[in-house]
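The values are calculated or read from the model by the stated rules, or taken from the named source; none is laboratory data. The model shown is predicted, which means the values in this text are computed figures rather than measured ones. Here Cβ is always computed from backbone atoms with ideal geometry, including for glycine, and neighbour counts include all displayed protein chains.
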Amino acid sequence: MGRITKNKKLALEKLEAGKVYSLNEASELVKEITFTKFDASVDIDIRLGVDPRKANQMVRGVVSLPHGTGKEVRVLALVTPDKEAEAKEAGADYVGLDDYVEKIKGGWVDFDVVITMPPVMGKVGPLGRVLGPRGLMPNPKSGTVTMEVGKAVSEVKQGKIDFKVDKFGIVHTSIGKVSFTADKIVDNAKEFINTINKLKPAAAKGTYVKSIYLSSTMSPGIQVEPKSVAD
């Protein structure tokens, strides 16, 4: 059995075994049980009552968090020359097309989000074998394939994230940093959970949101009462 570290022991002492916390309580507590020397991410895991193997029960969408994620998002804009200035003005970190397509084919993936346009998807499509497994492939559904390049770049920079239920029926994402106030964590969590609720598939039967857990990098998970989100 692995040895429990001093910090993990301190964290576990603050958690009541078997207790399900309100979102407000969990947002305060996640800050208290985090002892990392860096500004840890605050993560949320939501287990849904869906079968992701069935197309009519897939849960996927985008959400703009009111306070952003706290992360510096590196954006690559693969665009035609007439859209380059728009992308740069909106804050894209890398802007271009052919040169970057070749770099990616060579294995370069030093970015977090790709924004592109429908007219260049013929060039971007073949990059799927590199970008797909890393979850970086642009997609019209997530707003990353669009003619409104500047708007898309700005939204991503300000905290827009896309998410997708995994094969186990769990949606996982980061909703901020431990340095955020508890109120900001609550606001971001509510926005994310409410978005998940709006995306409930008609084919999903029984309890939709089965469980919610809040945690930070390397901290134990705190179970959240789903009904408390509506408070």
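Whether a residue is in contact with a strand residue (DSSP E or B) (Cβ under 6 Å, 6 or more places away or on another chain) and free of Cβ contacts under 8 Å to residues at least 40 places away in the same chain was assessed, and residue 102 does not pass this test.
Scanning segment 153-189 for residues that are surrounded by 17 or more Cβ atoms within 10 Å (Cβ to Cβ) and either touching a Pro at 6+ places or on another chain (Cβ under 9 Å) or free of Cβ contacts under 8 Å to residues at least 40 places away in the same chain (or both) yields 159, 165, 169, 184, 187, 188.
Selection of segment 68-84 for residues being within 11 Å of residue 98 (Cα to Cα) and surrounded by fewer than 16 Cβ atoms within 10 Å (Cβ to Cβ) yields 80, 81.
Restricting attention to segment 98-127, the residues being farther than 23 Å from residue 151 by Cβ, assigned to a helix (DSSP H, G or I) and among the charged types (D, E, K, R) number 5. For segment 33-86, the candidate set comprises residues that are assigned by TED's automatic domain parsing to the domain that holds residue 135, part of a helix (DSSP H, G or I) and not charged (D, E, K, R); within that set, the residue that is nearest to the chain's Cα centre (by Cα) is 85.
Of all residues in segment 27-67, those that are surrounded by fewer than 18 Cβ atoms within 10 Å (Cβ to Cβ), among the β-branched types (Val, Ile, Thr) and closer than 30 Å to residue 15 by Cα total 1.
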